[in-house]
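Engineer: Sharing a structure here in structure tokens format.
The values are calculated or read from the model by the stated rules, or taken from the named source; none is laboratory data. No experiment lies behind these values; they were computed from the predicted model shown. Counting neighbours? That spans all protein chains shown, and the Cβs are built from the backbone with ideal geometry, glycine included.
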């Protein structure tokens, strides 16, 4: 996130542990058909999933995306503000009064 200039706010940071749990679960679903993988031989039990947990993950993911998007928008505003300052600093005085 730092590579794309997103500030990791406390809100974003709080979402990391549940999102990590969600990502690990999704990985298990995709790569292990959501089975309980243990060193034992034989059939592996399919894990159960709690509806409330899925809703919680969805809400956290939605909030995470919102927070990252807000950081991106803030960065855009700051970037264009700086760009406009440079334009006005280099614009001749007689044009500044028109702009």
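Engineer: For the range 68-92, what are the residues that are over 18 Å from residue 2 (Cα atoms) and in contact with a helix residue (DSSP H, G or I) (Cβ under 8 Å, 6 or more places away or on another chain)?
Structural biologist: The answer is 88, and nothing else.
Engineer: In the range 5-20, which residue that is part of a helix (DSSP H, G or I) and touching a residue at least 12 places away in the same chain (Cβ under 8 Å) is farthest from residue 64 (Cα to Cα)?
Structural biologist: The residue in question is 18.
Engineer: Given the condition over 17 Å from the mean Cα position of the chain (by Cα), assigned to a helix (DSSP H, G or I), exposed (fewer than 10 other Cβ atoms within 10 Å of the Cβ) and at pLDDT below 95, answer yes or no: does some residue in the range 53-70 qualify?
Structural biologist: no
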